[in-house]
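Everything on this sheet refers to the single structure shown next.
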Amino acid sequence: MVREVLKRFEGTPEEHKVKVLQGDAIQVKWPFFDVCVANVPYQISSALVFKLLSHRPMFRCAVMMFQEEFALRLSARPGEALYCRLSVNTQLLAKVDQLMKVGRNNFRPPPKVESRVVRLELRNPPPPVNFTEWDGMIRLLFNRKNKTLRSVLMTKPTIKMLGDNMRTHAALKNTMLDADISVQQIMEDVVGMEEWKGKRASKLDLDDFLNLLAEFNKRGIHFA
């Protein structure tokens, strides 16, 4: 493909403007760009989207073709079957537009799946949230998205992990924790609040997740 691209511009006025970088798109460092247009190898779709969303300086937009189910996950809404961690994280950081469906018969040989073209535009400015911690909470909640928040968060491994995180944050801030502090009780108090009681990740929207994380952080609970 590299040779074909260079051959296409050879001898044209645009030849000196073209620079081809060859390598693994997931591994190489990307240069500054304004627009990304790509027919993405479907097996790297998720990794490529997350790298794209974290790329800085911010780009103007990306127009990309994905397998249809993956593309629909990017814009899935609360309550829909395809709503998942990918949906929430992508929509937190970008505006997603479904541009067109591309049938399998447009390819030779035809693949086994349908495709879609999607446009991603980064939210500028980005939301004021620590994405590593945000994703820690979202990953945990969507492991069992149809269970109640209480069922997902009140397990012994999760309580232990959050307790370890609390002690780490306290050490980094050089502060002492109260001897009688109970992570389990803090979690019970939060998931027992009227706005969270009986709620499931599969039905919560971005504002719900942002408010939930803020409530946990206010009480000293961190997911990273």
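The values are calculated or read from the model by the stated rules, or taken from the named source; none is laboratory data. Bear in mind that the values here come from a model prediction, so they are computed numbers and not experimental data. Note that each Cβ is placed from the backbone with ideal geometry, even for glycine, and that neighbours are counted across all protein chains shown. Protein only, heavy atoms only, side chains kept; ligands, DNA and RNA dropped before computing areas. Shrake-Rupley method; radii C 1.70, N 1.55, O 1.52, S 1.80 Å.
For residue 102, enumerate residues with amide H under 5 Å from its amide H, sequence gap 5+ or separate chain, H modeled in the peptide plane.
Here the answer is 115, 116, 117, since their amide H atoms fall under 5 Å of that of residue 102.
Starting at 0 and stepping by 5 Å, how many percent of the alpha carbon pairs of the chain end up in each bin?
1, 6, 12, 14, 14, 14, 12, 9, 7, 4, 3, 2, 1, 0, 0, 0
From the square roots a ≥ b ≥ c of the eigenvalues of the alpha-carbon gyration tensor of segment 94-190, which class results: rounded (a/c under 1.5), prolate (a/b over b/c), or oblate?
It is prolate, given that a/c is not under 1.5 and a/b is the larger ratio.
If you take the charge dipole of the chain about its Cα centre, with +1 on Lys and Arg Cβ and -1 on Asp and Glu Cβ, which of 187, 54, 83 is farthest toward its positive end?
83
Near the amide H of residue 25, under 5 Å away, which other amide H atoms are found, from residues 5 or more places off or on another chain, if H is placed in the peptide plane?
none
For residue 82, which sequence-distant residues (separation of 5 or more, or a different chain) have an amide H within less than 5 Å of its own amide H, given hydrogens modelled in the peptide plane?
When sequence neighbours closer than 5 places are left aside, there are no close amide H contacts.
Keeping the other protein chains in place, figure out the carbon and sulfur percent of the accessible area of segment 120-183, with a 1.4 Å probe.
On segment 120-183, the fraction of accessible area on carbon and sulfur atoms equals 53 percent.
I want to verify the translational diffusion coefficient of segment 137-219 in µm²/s; compute it with Stokes-Einstein, Rh as the Kirkwood radius over Cα pairs, at 20 °C and 1.002 mPa s.
159
Based on the alpha-carbon gyration tensor of segment 23-101, what equivalent-ellipsoid semi-axes (square roots of 5 times the eigenvalues) come out, in whole Å, largest first?
21, 14, 12
Using unit Cβ charges (K, R positive; D, E negative) and no other charged atoms, how large, in debye to the nearest 20, is the dipole of segment 172-215 about its Cα centre? Each step should come with its number before you reach the end.
Working: 5 positive and 10 negative charges, 42 e Å.
Here the size comes out at about 200 debye.
Short version: ³J(HN,Hα) in whole Hz for each residue of segment 106-112, in order, from phi by Karplus 6.51 cos²θ - 1.76 cosθ + 1.60 (θ = phi - 60°), x for Gly and Pro, what are they?
So the Karplus estimates, Gly and Pro as x, are 7, 10, 10, x, x, x, 8 Hz.
Could you pull the Rg and Dmax for segment 79-132, using just the Cα atoms, both in Å?
15.1, 46
From the phi of every residue in segment 38-44, what ³J(HN,Hα) in whole Hz does the Karplus formula 6.51 cos²θ - 1.76 cosθ + 1.60 yield, where θ is phi - 60° and glycine or proline is x?
Values, residue by residue: 8, 9, 7, x, 4, 6, 10 Hz.
Suppose every K and R has +1 on its Cβ and every D and E has -1 on its Cβ; what is the size of the dipole of the chain about the Cα centre, in Debye to the nearest 20?
Working: 35 positive and 25 negative charges, 121 e Å.
Computed about the Cα centre, the dipole is about 580 debye.
Once phi is turned into ³J(HN,Hα) by the Karplus curve 6.51 cos²θ - 1.76 cosθ + 1.60 with θ = phi - 60°, what whole-Hz value does each residue of segment 19-32 show in order, with x for glycine and proline?
Whole-Hz 3J(HN,Hα) from phi for segment 19-32: 10, 9, 9, 9, x, 6, 4, 7, 8, 6, 7, 7, x, 5.
Treating only the Cβ of Lys, Arg, Asp and Glu as charged (+1, +1, -1, -1), what charge dipole size does segment 56-165 show about its Cα centre? Round to the nearest 20 debye.
Computed about the Cα centre, the dipole is about 200 debye.
In square angstrom, what is the accessible area per residue of the chain with a 1.4 angstrom probe? Please list the in-between numbers first.
Working: 13830 Å² over 224 residues.
Dividing the accessible area of the chain by its residue count gives 62 Å².
Distance cut-off 19 Å, Cα to Cα: go down the list 147/199; 145/197; 95/147 and report the pairs above it.
From the list (147/199; 145/197; 95/147), the Cα-Cα distance tops 19 Å for 95/147.
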